[in-house]
Structures are given as structure tokens and as C-alpha cells.
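Report on the structure given below.
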Amino acid sequence: MNLINHINAIIYNKSPEESLAILAKEFPGKVVFSSSLGYEDQVISHLIFSSNLPIEVFTIDTGRLFNETYSVLNSTLERYKTPIKVLYPKTEAIEKLVSEKGPISFYESLENRKECCFIRKVEPLKRALKEKSIWITGIRADQSGNRHDMPNLEWDEGNQIIKFHPILNWTLEEVKAYIVKHNLPYNSLHDKGFVSIGCAPCTRAIKEGEDFRAGRWWWEQNDKKECGLHSK
């Protein structure tokens, strides 16, 4: 894709901060960052807010988040004094799902879990990305096996948008060091073995030696566990 080649050229050898600034200038009003308020996303939020970059930051409240996640959102708003757009699932879809299948249908089958993820996460995401050109994410290559070979800039066919992963090649240790250096607010569950944090019923702490994503949808026998946000 010519546009991706162009972007690759203008951000080549640039730092994450420089790359974000370039994209914000090249695509005014068309760059958006999705934050789950985890370690990685707090780093990127800091890069955006501390430099006053004109990049919209949003998060999705699925209705099943940990209290600790809400605390991070509040602390982030207090620190930067900058709005973070909060999106919610469509009320009618949630009411229908829970009325027909109960509050924990996602434990019963992969199909049910993906349905819940779609209603609570994917559909709100699609609304947030509508009419945008660049989607910034906090993805890192070592988070899961199917992310190892990701380029830091790619075309998302499902959402018809270019995705940019500014800290793709950072290690978890580098992310933690950045958090400490800049004294960033972060989710206290990270200190309790929660590496990847999503909805409360679907997330647990990982054990020593377990894969990074082992704490997400742990009841599923699936090597490529994703919610659908980053599906091709």
C-alpha cells in the first residue's frame, strides 16, 4: 500500500514520541489511540498527553471491568487534565444477551465468548474508529505468539484503517522501567501477577512460567486467544 510506504518513510528511525507527532500533523483529526489502561497504554497516553499531541484517546468500558481499572482511569484524568473518551456497548445488545443467555454465557462456549466480546468491545471500537485514518495501539510483539511477526505499521482490513504500534519492540521490562521513571499511574493488579488485564470474569493472574496471555480466557484451549479487537 502506497500510503503505508509513505508513512514508513516519514517515521523511519524516529522515536515513538516523534512518530506520534508526525502522524498527528500528517493526519489532523484522524489519529486515534485506544487505551485499555494497562502498562503499555499508560506509556502511550503519557507520550500523547505530555506533548499535548492532537490525538484522540479513548477507552472502552465493557461494563465488566475491575475496580482497579476504573481507579487508573480516574488517576490518569487527574494527572493530565485531558479528556479520555469513554465508549460503552449498546444497551439493547447487552440486555438481549444477558436476558437470553445469562450473565456468564461466555464460559459455556467459544462462540458465546466471542459474541460477548463483540458486543462489549468490538462494536464500540468500530464506532470509535469510524472516519479515522490511523489507529494507535499499545501492542507489543512478545505479548503473544501471533504478534511476534507483526510490523509496527499495518493495514487492518476489518476496520479499514492503518494501525501503528509505536512500542511494538519494547520488552515488558522496558515498559515497567518507563512507568517507574515517569511515575505514571498504573493498574495495581499488575503487581499481583495480572499481566494482560481485561474484563474481570475473563482475567486472572498468571503463574510463573506461564505465557503472557495465559491469564485471558484461561478456560479455553486455544493458542491464539484474542477478543477480536485486533483481528485481521
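The values are calculated or read from the model by the stated rules, or taken from the named source; none is laboratory data. From a predicted model like this one, the values you see are computed outputs, not experimental measurements. Because the Cβ atoms are built from the backbone with ideal geometry, glycine has one as well, and the counts that use them run over all protein chains shown.
Would you call Lys192 charged (D, E, K, R) and touching a Phe, Trp or Tyr at 6+ places or on another chain (Cβ under 8 Å)? No: the conditions fail for Lys192.
Looking at the structure I just gave you, is Trp170 more than 14 Å from the chain's Cα centre (by Cα), of a type in the set (Phe, Trp, Tyr) and either under 18 Å from His46 (Cα atoms) or not in a helix (DSSP H, G or I) (or both)? For Trp170, the condition - more than 14 Å from the chain's Cα centre (by Cα), of a type in the set (Phe, Trp, Tyr) and either under 18 Å from His46 (Cα atoms) or not in a helix (DSSP H, G or I) (or both) - is met. Scanning region 32-69 for residues that are closer than 20 Å to Lys192 by Cα and either without any contact (Cβ under 8 Å) to a residue 40 or more places away in the chain or touching a helix residue (DSSP H, G or I) at 6+ places or on another chain (Cβ under 6 Å) (or both) gives Leu37, Tyr39, Glu40, Val43, Arg64, Phe66, Asn67, Glu68. Scanning region 75-96 for residues that are assigned to a helix (DSSP H, G or I), among the β-branched types (Val, Ile, Thr) and within 24 Å of Asn183 (Cβ to Cβ) yields a total of 1.
Tell me the residue from Val57, Val72 that is surrounded by 20 or more Cβ atoms within 10 Å (Cβ to Cβ), in a helix (DSSP H, G or I), within 15 Å of the chain's Cα centre (by Cα) and among the aliphatic types (A, V, I, L, M), please.
Every option except Val72 fails the conditions.
Would you check if there is a residue in region 142-154 being surrounded by fewer than 14 Cβ atoms within 10 Å (Cβ to Cβ) and either assigned to a strand (DSSP E or B) or on the phi > 0 side of the Ramachandran plot (or both)? No, region 142-154 has no match at all. Pull up region 81-100, narrow it to residues that are of a type outside the set (Lys, Arg) and under 19 Å from the mean Cα position of the chain (by Cα), then point me to the one that is farthest from Arg120 (Cα to Cα). Residue satisfying both the conditions and the ranking: Thr82.
Set side by side, the residues Asn183, Asn146, Asn222 differ, and just one is among the polar types (S, T, N, Q) and modelled with pLDDT of 90 or more, which is Asn183. Within region 175-194, is even one residue part of a loop (DSSP other than H, G, I, E, B), under 22 Å from Trp217 (Cα atoms) and of a type in the set (Gly, Ala, Ser)? Yes, the conditions are met somewhere in region 175-194. If you go through region 45-54 and keep only what is out of contact with any Leu (no Cβ under 7 Å at 6 or more places or on another chain) and either among the charged types (D, E, K, R) or not in a helix (DSSP H, G or I) (or both), you end up with Ser51, Asn52, Pro54. Working only within region 97-112, note down all residues that are assigned to a helix (DSSP H, G or I) and either among the small types (Gly, Ala, Ser) or surrounded by 12 or more Cβ atoms within 10 Å (Cβ to Cβ) (or both). Of everything in region 97-112, those that are assigned to a helix (DSSP H, G or I) and either among the small types (Gly, Ala, Ser) or surrounded by 12 or more Cβ atoms within 10 Å (Cβ to Cβ) (or both) turn out to be Leu97, Val98, Ser99, Lys101, Ser105, Phe106, Tyr107, Leu110, Asn112.
Within region 191-207, residues that are touching a residue at least 60 places away in the same chain (Cβ under 8 Å) and under 12 Å from Glu68 (Cβ atoms) reach partners that are aliphatic (A, V, I, L, M) and part of a loop (DSSP other than H, G, I, E, B) with beta carbons closer than 6 Å, at six or more positions or on different chains, in the pairs Thr203/Ile197.
When Arg216 is tested against (1) surrounded by fewer than 21 Cβ atoms within 10 Å (Cβ to Cβ); (2) modelled with pLDDT under 90; (3) under 20 Å from Leu65 (Cβ atoms); (4) within 15 Å of the chain's Cα centre (by Cα), only condition (1) is not met. When each of Ser51, Ser109 is tested for being farther than 30 Å from Glu220 by Cβ and not hydrophobic (A, V, I, L, M, F, W, C), the lone residue that passes is Ser51.
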